[in-house]
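First the structure, in the form of structure tokens, and then the observations on it.
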Amino acid sequence: MVFLKGSDSRERLTFTLAHELGHIILNHSCSNESYVREEQEANFFASYLLMPDIIARILFSPVSPQDVMGFCGVTASCAWEMCRRINRVYKGKYEIKDYEFRIIEAFFIQENLKAKNRLDLREIS
């Protein structure tokens, strides 16, 4: 069960729902020991669900938070995070974090990319 604040903006409510869905899909335990990691994973899941990088790469050049907010219907902080993520990729400085890699593995994205590009995601830097 998910409880939402009626006073939150539509964008915040959408992110909260996506975040909580991430906890469910990723089968999180909600234990104190794994709290920080699970929150990072749920935030990452929600971010990619609402703002896939490929959308930004196709639609925005360069990527601006205002464009992301308007197109994806997310909060300013979410839009800034996406722009930071995309710009790291463009600059060749993107390193996949452990929580990102776990989600990539969970959805078999790595296998699909390997077949297509013949690369290991951990080699991207």
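What follows draws every value from the coordinates through simple rules; no lab data is involved. These figures come from a predicted structure and were not determined experimentally. When we count neighbours, we look across all protein chains shown, and the Cβ atoms used for this are built from the backbone with ideal geometry, even at glycine.
Note the full-extension length gain between TRP80 and ASN32 as 0.36 nm times their separation in residues minus their Cα-Cα distance, in nm to one decimal. If you can, show how the numbers build up before the last one.
Values: separation 48, 0.36 × 48 = 17.28 nm, distance 2.85 nm.
Separation in residues times 0.36 nm, less the Cα-Cα distance, equals 14.4 nm.
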Added length on full extension, which subtracts the Cα-Cα distance from 0.36 nm per residue, SER64 to ARG10: 17.4 nm
Burial order of peptide ranges 15-26, 39-50 (average beta-carbon count within 10 Å, highest first): 39-50, 15-26
